[in-house]
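Inspection log for the structure reproduced underneath, given as structure tokens.
The values are calculated or read from the model by the stated rules, or taken from the named source; none is laboratory data. Keep in mind that what you see is a predicted model, and the values were worked out from it rather than measured. Here Cβ is always computed from backbone atoms with ideal geometry, including for glycine, and neighbour counts include all displayed protein chains. The accessibility values were calculated without ligands, DNA or RNA, using every heavy atom of the protein model including side chains. Shrake-Rupley method; radii C 1.70, N 1.55, O 1.52, S 1.80 Å.
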Amino acid sequence: QILNRNHFKKNIEISEGEVIGNFFVNLDKEKIIFSLDEVDSLSQEFENIFDVEKIFDIYRFYSDRSLELINHQKEIVSNIFNTNDLNTIDFVDKSREDKKRFASLDEIKKYQTLIIKNEFISILLSNTSFENTKNKLLKRLDNRIKSLNRIKSDDIFSLYTNSITSLYDPHTNYLSPKSQEDFEINMSLSLEGIGAILSTEDGITKIVRLIPGGPADKS
């Protein structure tokens, strides 16, 4: 109602197919989580753009599948014992936005295997020892699981709502309360915090330095 009343484009026709199609693109742009049949089946169950419960069901499917695939990659990495295990004649295309979806979960897992081996090789080529490479990649995968578990309902709702707003134009976006707060901070270039520069290393937050005159510095 807000969009129809206030947007400069009027009487936009929105179909369930377009909305759910956009949602799958937002969730799985590279087409490496859902198989073709799964997308078709889940899309057919989606009958109303106001059926947010179905959207959360789809996201739970996405989250569970993502967790399964990350654990699959961890198993692959754990079973790499020397550089001979990395020898392959396979080719992996890392840009899949314009490709067809895989036909089965087995094909998806085969692709995920190639992707994680490629990542292993990339780290190894940066003059890192074999064991350090293996440990670093396993920690990276653990961090991806943590990031997946940090997704909140607001984030999912925002992702879905933007699947609708994009049908009006690519610049109309819904901002969750947290996103709106971040947006206002960026626009005003002001932030009140503890007065410290932070970074992360292997999932652990580190204080890099204190901001002169900030609360942490003064205390």
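Observations
- Each Lys and Arg contributes +1 and each Asp and Glu -1, all at the Cβ; summed about the Cα centre of the chain, the dipole is approximately 780 debye.
- Most fluctuating residue given options LYS117, LYS109, LYS100, as computed from a GNM of the chain linking Cα atoms under 10 Å: LYS100
- Between ILE197 and SER129, the FRET efficiency estimated from the beta carbon spacing at R0 = 30 angstrom works out to 0.50.
- Within the accessible surface of the range 55-195, defined with a 1.4 Å probe on protein heavy atoms only, the carbon and sulfur portion equals 52 percent.
- Oblate is the label for the range 63-107. Its Cα gyration tensor axes, ordered a ≥ b ≥ c, give a/c of at least 1.5 and b/c at or above a/b.
- Nitroxide proxy distance, nm - points 7 Å out along Cα→Cβ at LYS100 and LYS218: 6.4 nm
- Cross-link check: pairs LYS117/LYS206; LYS9/LYS146; LYS9/LYS109; LYS134/LYS178 evaluated at a Cα-Cα cut-off of 32 Å; pairs beyond the cut-off: LYS9/LYS146; LYS9/LYS109; LYS134/LYS178.
- Counted residue by residue at 0.36 nm each, then reduced by the alpha carbon distance between them, the extension gain from LYS139 to LYS109 reaches 8.8 nm.
- Cα gyration tensor, the range 1-155 - rounded (a/c under 1.5), prolate or oblate: prolate
- Helical runs assigned H by DSSP (4 residues or longer) give the chain a calculated mean residue ellipticity at 222 nm of -18000 deg cm²/dmol, each run adding -39500 (n - 2.57) before division by the residue total.
- Three-way shape label, the range 74-219, alpha-carbon gyration tensor, a/c 1.5: oblate
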